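Laboratory data are not the source of any read-out in this text; all were calculated from the coordinates shown. Since this is a predicted model, take the numbers as computed values, not measurements. Because the Cβ atoms are built from the backbone with ideal geometry, glycine has one as well, and the counts that use them run over all protein chains shown.
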Amino acid sequence: MSTVTTIARWEYQPGQIDKGYNNRTLHIDLSTSSFTEKPVTQLMKDKFIGGKGFGLYLLWHATKPRTKWNDPENEIVISPGPCAGITQYSGAGKSLLVSISPQTDSVMDSNVGGYFGPYMKFAGFDALELQGKAKEDVIIIIDGPKHTVTIEKASPDLPHDSHLLAEHLTEQFAKDEKDKINVAVVSSGSAAEHAWIGMLNFSFYDPRRKAVRFKQAGRGGLGTVFRDKRVLALVCKIDGIKPNLNNVADLKKIIERGQRFTKEIKELDDKQCEMRDKGTAHLMEIMDAYDLLPTCNFQFGRGADIGADINKIHSNVLKSLFNLKWRDLDGCWFGCAMSCCKAVDGFELKTGPYKGQKVIVDGPEYETAAGLGSNCGIYDPYHILEANFYCDTYGICTITMGTVTAFAMECFEKGILNLERTGGLELRFGNSAAALELIHQVARGEGFGKIAGHGVRWMKNYFIEQGWGDPQFLNDIAMENKGLEYSQYMSKESLAQQGGYAMTNKGPQHDEAWLIFMDMVNNQIPSFEDKAEALYYFPKFRTWFGLCGFCKLPWNDVEPADNSKYAPQEAAKVPEHVDNYVTVFNAVTGKNIDKDELIRQSARVYNFQRVFNIRRGYGTRTHDAQPYRACGPVTKREYESRQERYDKQLVEWLGLTPQQVTQMSTEEKMAAHRKYRTERYEKLLDAVYQRRGWNKNGVPTIAWLKEIGMDLPEVIEVVKPLQ
């Protein structure tokens, strides 16, 4: 065991959670190695609820409008929410992280499972603020049984990559094998020390595998902020899970709804999404079948377009690699019957510093398999697993890395990059060896990895500055918005999903709105008004999960057998499950909200985050612009791969005759599509802004802020000049 040098130690008074809240938060100033206990005010609970809401509120008051990601005053805030930690309803173990992002320079939030957030709450705190910068690498330990928080100097012999570091710290702080389940670790990895795309791993101990496993807070470079503050790891220790540590208002109601939902999962999951067998990887062939699987930097929606065989990475292939011995116990929080945290055991690594070692690979999730696989033109499950493991242990977001690599590969094939510019990496679609080497270079901060590690927006701008490619083309194919890489769904033929990506507060992540099936497949929201209503409701509803500490997967990845009795647009909300969440929230907190107040709770926080970004110089219409590839075909090959569809659209959408279309060149057809699709997106912005209570520039109106109860003086001060 490494020698421990304590830099600072703080003892706090034990408390009692009341209806989901400790009513206090913990602030740690790393620059001064000091600790401050802060009260959770009634305003915080009424206006911001918890989770992401608390994170945004605390970050707002900790920073200035021009605070940079690597300024000492920037914070990482971790908050689990009032419902996080209950064990009687599936998916109640989420935490939300908030910080100013290296990639976007705006406010980033990221949700994550694992044990740390609920354990921190049970140890006594509703949120943790990390501010300042330590002078050397440190480990922070929250010891719930001892009621102490310590900052310790990290021994130089400690490993930095997560799979080794979390294992070491779990061993160090557990009394014995049985006690390991009571230790949770947050760590990043070596890549976060060099790159802007670093993420954070939240551990959970798997007693069946006798191994530490991880869930990831992936988006926006929060792991990079963590390591910039010289934090090597956070550790939280509790003395065990008990049935009602949240001290809820009505445990009986939570148990009743939880049992009802668990019964649904057991009866329906195998017929619906197969989450217990495949996790989110069940989406692979479904997305491919509907032309939605990103392929070769989002050029195509099917592997067949490049002559690839989707069957090689079919979900049944991935299922055959998962260890399903404990399939119904593969959850990242206690009591979750969804059990979607699949893993491959004993995977032997073929490359990198751990070559020849056998490891556990957590996943792959759908977006990891799509991003590191099909979007890079790679159809090899073993490559996906290897890349998945190294991204996780190095602390790299797999979604981001997939889109970064795919962008670099297209640039290479178009002559924007070459062997000289990549340092010898032949980054062509399908070259798995080059893709893996790029991951290793990002982790080492070497070669082309130093460029790729900054993310797509930085790369695009760098290529333009160097004169390596046409600026218009690079802007068209660089799949980022607000500085965040697109997550792994094709949005070209779903106008609503284009808005669901580009109108997000943080950038194109599907956790705000996933409307592709409603819009493109089922045609349930045909008008601009229908789409605007969906882009009002669903981002608010999904935001609510992050306020309370819930995972969204149990909401609609299993639906009641009679859900189709509702009208299609209403059925998409899964009304019975919405009622479950309202009931469980009230049973935890003792409040008496209804489904409409649930949306108002989210609307307050959602609009606060929009105003927070406006305060930082973002958050207006210009920042909701999308790269054209998210909207339509950029290249001749893209158009011709779907020529029949696109030609038909010119007839149906623009009123051209088939003969007129036949007489047009492909370039003329593409130009007509571009004009129409771009104008259509602008009309969508107008419709959504109006429904959301924003002006034409995307700024929340004072009247709307008053209506939803977010008319705080500091909020009004920001928006007033922009009315």
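A compact table of results
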| item | result |
| --- | --- |
| Long-range HN-HN contacts of residue 343 with modeled amide H, under 5 Å | 323, 363 |
| Principal axis box of region 419-459, alpha-carbon based, largest edge first, Å | 23, 19, 18 |
| Amide H contacts under 5 Å for residue 34, placed H, 5+ residues apart | 29 |
| Semi-axis lengths, Å, region 578-699, gyration tensor of Cα atoms, sqrt of 5 times eigenvalues | 43, 19, 13 |
| Cβ-based exposure ranking for 662, 41, in which fewest neighbours within 10 Å come first | 662, 41 |
| Reciprocal of mean inverse Cα separation for region 99-150 (Kirkwood radius, Å) | 13.4 |
| Angstrom value of the Kirkwood radius, inverse mean 1/r, which spans all Cα pairs in region 322-448 | 15.3 |
| Kirkwood Rh, angstrom, region 273-485 [1 / mean 1/r, Cα pairs] | 17.5 |
| Backbone HN-Hα couplings from phi across region 309-325 [Karplus 6.51/-1.76/1.60, Hz, Gly and Pro as x] | 10, 4, 4, 5, 10, 4, 4, 5, 5, 5, 4, 5, 8, 5, 8, 9, 4 |
| Structure-based [θ]222 nm, the chain - -39500 (n - 2.57) summed over DSSP H runs of at least 4, per residue, nearest 500 | -11500 deg cm²/dmol |
| Cα Rg, Dmax, the chain, angstrom units | 24.3, 80 |
| Where Rh is the Kirkwood radius over Cα pairs, Rg/Rh for region 388-431 | 1.04 |
| Phi to ³J(HN,Hα) by Karplus 6.51 cos²θ - 1.76 cosθ + 1.60 over region 388-405, Hz, x for Gly, Pro | 4, 4, 5, 4, 5, 6, 6, x, 10, 5, 5, 4, 4, 4, x, 6, 4, 5 |
| Average Cα contact separation per residue, region 273-485, under 8 Å, 6 or more apart, as relative contact order % | 17 |
| Among 67-77, 442-452, 314-324, the order from most to least packed when residues are scored by Cβ within 10 Å on average | 442-452, 67-77, 314-324 |
| Cα radius of gyration and Dmax for region 5-237 (Å) | 16.1, 48 |
| Prolate/oblate/rounded label for region 529-622 (Cα gyration tensor, a/c 1.5) | oblate |
| Residues 606, 382, sorted so that the one with the fewest Cβ neighbours within 10 Å comes first | 382, 606 |
| Check: region 504-659 dipole with +1 on Lys, Arg Cβ and -1 on Asp, Glu Cβ, in debye | 840 |
| Dipole in debye (nearest 20) - the chain, about Cα centre, beta carbon charges: Lys, Arg +1; Asp, Glu -1 | 1120 |
| Ascending count of other beta-carbon atoms within 10 Å, so fewest first, for 140, 100, 702 | 702, 140, 100 |
| By average C-beta atoms within 10 angstrom, highest first, the peptides 23-31, 556-564 | 23-31, 556-564 |
